[in-house]
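The next block holds one structure in the form of structure tokens; read it before the comments.
The values are calculated or read from the model by the stated rules, or taken from the named source; none is laboratory data. In this text the structure is predicted, and so the values were computed from the model without any measurement. When we count neighbours, we look across all protein chains shown, and the Cβ atoms used for this are built from the backbone with ideal geometry, even at glycine. Just the protein is used for accessible areas: all its heavy atoms, side chains included, with ligands, DNA and RNA removed. Shrake-Rupley method; radii C 1.70, N 1.55, O 1.52, S 1.80 Å.
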Amino acid sequence: MRYWLFKSEPSTWSWQNQIDKGDEGEEWDGVRNYQARNFMREMKKGDLGFFYHSQKEKSVVGIVEVIAEVHQDSTTDDERWECVDIKAVSTVPNPVSLEMIKTDPRLAEMVLVKNSRLSVQPVTEHEWQAILSIGGVKN
């Protein structure tokens, strides 16, 4: 299993929107960055990810699961753009802010710290465990 981080502007698609989709989940559509798309091509069903609110909040607020591997993004006819489907798994009890991540030495090399603009990115197992701990998530 691998771990990921999915960034979304809450005004466009919020954690509550994701929760409301239930087990049906939702396409992670609209990604128009080759590196982010390529990360989605690596994802496997059952991989887990953090749901991150960007813009003002800038926090990890939830955990999602990849429920469908890469396929054509339904929002475009352009075959270059693909996406995965994700569903909400659980809310992070104590949202983990970007500031908290940046000041934690265990997370100094995290892609979110190095390339905060990338909308889909990998998370190492070490980073995953650290954020779960900070966020009060029980394993």
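If you average the C-alpha positions of segment 79-139 and of segment 1-19 separately, how far apart do those two centres end up, in angstrom?
11 Å
Under 18 Å between alpha carbons, and skipping anything fewer than 8 positions from Lys44 in its own chain: which lysines qualify?
Lys87
With the contact rule set at Cα under 8 Å and sequence spacing of 6 or more, what percent relative contact order holds for the chain? Don't skip to the answer; put the middle values down first.
Details: 279 pairs, mean separation 41.7, N = 139.
After rounding, I find 30 percent.
Calculate how steeply helix 125-134 sits against the longest principal axis of the alpha-carbon atoms of the chain, using the helix alpha-carbon long axis, and give the answer as 0 to 90 degrees to the nearest 10.
Roughly 60 degrees between the two axes.
Note down the Stokes-Einstein diffusion coefficient of the chain in µm²/s, whole number, using a Kirkwood radius over alpha carbon pairs, 25 °C, and 0.890 mPa s.
Working: Rh = 14.9 Å.
Estimated diffusion coefficient is 165 µm²/s.
222 nm [θ] for the chain, helices only, -39500 (n - 2.57) per DSSP H run of 4+, per residue, to 500? Display every interim value, and only then the final one.
Working: 5 runs with 35 residues, N = 139.
So the helix-based figure for the chain works out to -6500 deg cm²/dmol.
Tabulate in residue order the Karplus-calculated ³J(HN,Hα) for segment 65-70, using 6.51 cos²θ - 1.76 cosθ + 1.60 with θ = phi - 60°, rounded to whole Hz; enter x for Gly and Pro.
Per-residue couplings from phi come out as 10, 6, 10, 8, 6, 3 Hz.
Using θ = phi - 60° and the Karplus relation 6.51 cos²θ - 1.76 cosθ + 1.60, list the HN-Hα couplings for segment 16-32 in order, rounded to whole Hz, with x at every Gly or Pro.
5, 4, 5, 4, 4, 6, x, 5, 5, x, 8, 5, 8, 8, x, 6, 10
Taking amide H positions as placed 1.01 Å from N in the peptide plane, with prolines and chain starts having none, which residues 5 or more places from Ser90, or on another chain, fall under 5 Å of its amide H?
Hits under the 5 Å cutoff: Ile63.
Might you tell me the accessible area per residue for segment 1-136, computed with a 1.4 Å probe and given in Å²? Please list the in-between numbers first.
On the way: 6890 Å² over 136 residues.
Dividing the accessible area of segment 1-136 by its residue count gives 51 Å².
Check which residues have an amide H placed less than 5 Å from Val123's amide H, if you skip close sequence neighbours.
Under 5 Å from the amide H of Val123: Tyr3, Trp4, Leu5.
Could you give each residue of segment 33-50 its phi-based ³J(HN,Hα) in whole Hz, using Karplus coefficients 6.51, -1.76, 1.60 with θ = phi - 60°, and x for Gly or Pro?
My calculation for segment 33-50 gives 10, 4, 5, 5, 4, 5, 4, 5, 5, 7, 6, 10, 4, x, 4, 10, x, 8 Hz in order.
Cα to Cα, under 20 Å, and not fewer than 8 places away if on the same chain: which lysines meet these conditions relative to Lys56?
Lys56 reaches Lys7, Lys102, Lys114.
Give the accessible area for Asp77 in Å² (nearest 10); use a 1.4 Å probe, count only protein heavy atoms, and leave out ligands, DNA and RNA.
Around 150 Å² of this residue is reachable by solvent.
In what order, largest first, do Thr76, Thr12 sit by accessible area if the probe radius is 1.4 Å?
Details: Thr76 35, Thr12 100 Å².
From most accessible down to least: Thr12, Thr76.
Using the Cα centre as the reference, give the magnitude of the dipole from point charges on the C-beta atoms of segment 1-87 (Lys, Arg: +1; Asp, Glu: -1; all else neutral), rounded to the nearest 20 debye. Walk me through the intermediate numbers first.
Numbers: 12 positive and 18 negative charges, 100 e Å.
Taking the Cα centre of segment 1-87 as origin, the dipole is about 480 debye.
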